[in-house]
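Colleague: Below you'll find the structure I mean.
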Amino acid sequence: MGARFHHFRLTGAVARISVRWLGAFAAVSMCLMLAGCQPEMDRQPKYLPLSPSTFFADGRAGRPLVDGTVAHGSIDRDSMDLPSDSNNFPFALTQAVMERGQQRYNIFCSECHGLTGDGNGIIAQRGVRHPPSYHIDRLRQSPTGHFYDVITHGFGAMQDYSSQIPPRDRWCIIAYIRALQLSQHAEAAQLSADEQRQLDNMVHTTGGGQ
């Protein structure tokens, strides 16, 4: 009786071990099968740019554009691209345009050019070459198209911002730059009567008239 019971326990233990090994073997086998089914990410079936193709009659993988295709944003760019010697804006200047220009300028330009356009932004203060002040005669007299060209294509150490700033926002920034220039070089005779009174009050308050 005892021998049969011992044999039964031994047989059950062997069975449990066999089931565990079988389960482990099945799991490993499944992982290997799944790994074999997944294509290597760097060897995907695809055509590289300008690569040849035997599928198309012309032997090229790259296909020509469908007739009449218009690139996204191209119409907007065409209407905004004024010559670099132009001194115009492609749309009317409004309070909303100026506010948008100030916001975009503070985000993209002020770190180098400074909040007032003096070329003493936070990056310049940390040792990077200072950009020229917007208040020098050369840039005050430069046409608006020059600024658009510089933002679009870059100039000197300045990279282009064509991928970060849409065409309309570039003009909003230029409008704000013009406002910054005017703020430092406005003629008193160009001010309205109300603005003249405000200026006089500031002068008397700060003692600037002494």
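The values are calculated or read from the model by the stated rules, or taken from the named source; none is laboratory data. Everything quoted here is computed from the prediction, not taken from an experiment. Quick reminder, even Gly has a Cβ in these numbers, built from the backbone with ideal geometry, and neighbours come from all protein chains shown.
Yes/no per residue for (1) surrounded by fewer than 19 Cβ atoms within 10 Å (Cβ to Cβ); (2) over 19 Å from HIS130 (Cβ atoms); (3) hydrophobic (A, V, I, L, M, F, W, C):
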{"residue": "HIS153", "(1), (2), (3)": "yes, yes, no"}
{"residue": "ALA157", "(1), (2), (3)": "yes, no, yes"}
{"residue": "ASP160", "(1), (2), (3)": "yes, yes, no"}
{"residue": "SER163", "(1), (2), (3)": "yes, yes, no"}
{"residue": "PRO166", "(1), (2), (3)": "yes, yes, no"}
{"residue": "TRP171", "(1), (2), (3)": "no, yes, yes"}
{"residue": "ILE174", "(1), (2), (3)": "no, yes, yes"}
{"residue": "LEU182", "(1), (2), (3)": "yes, yes, yes"}
{"residue": "HIS185", "(1), (2), (3)": "yes, yes, no"}
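Colleague: HIS135 - would you say it is in a helix (DSSP H, G or I), on the phi < 0 side of the Ramachandran plot, surrounded by 14 or more Cβ atoms within 10 Å (Cβ to Cβ) and not small (Gly, Ala, Ser)? Give the derivation first.
Modeller: Numbers: in a helix (DSSP H, G or I): no; on the phi < 0 side of the Ramachandran plot: yes; surrounded by 14 or more Cβ atoms within 10 Å (Cβ to Cβ): yes; not small (Gly, Ala, Ser): yes.
Here the answer is no, as HIS135 does not meet what is asked.
Colleague: Could you list all residues from the range 172-192 that are modelled with pLDDT of 80 or more and over 15 Å from ARG140 (Cβ atoms)?
Modeller: CYS172, ILE173
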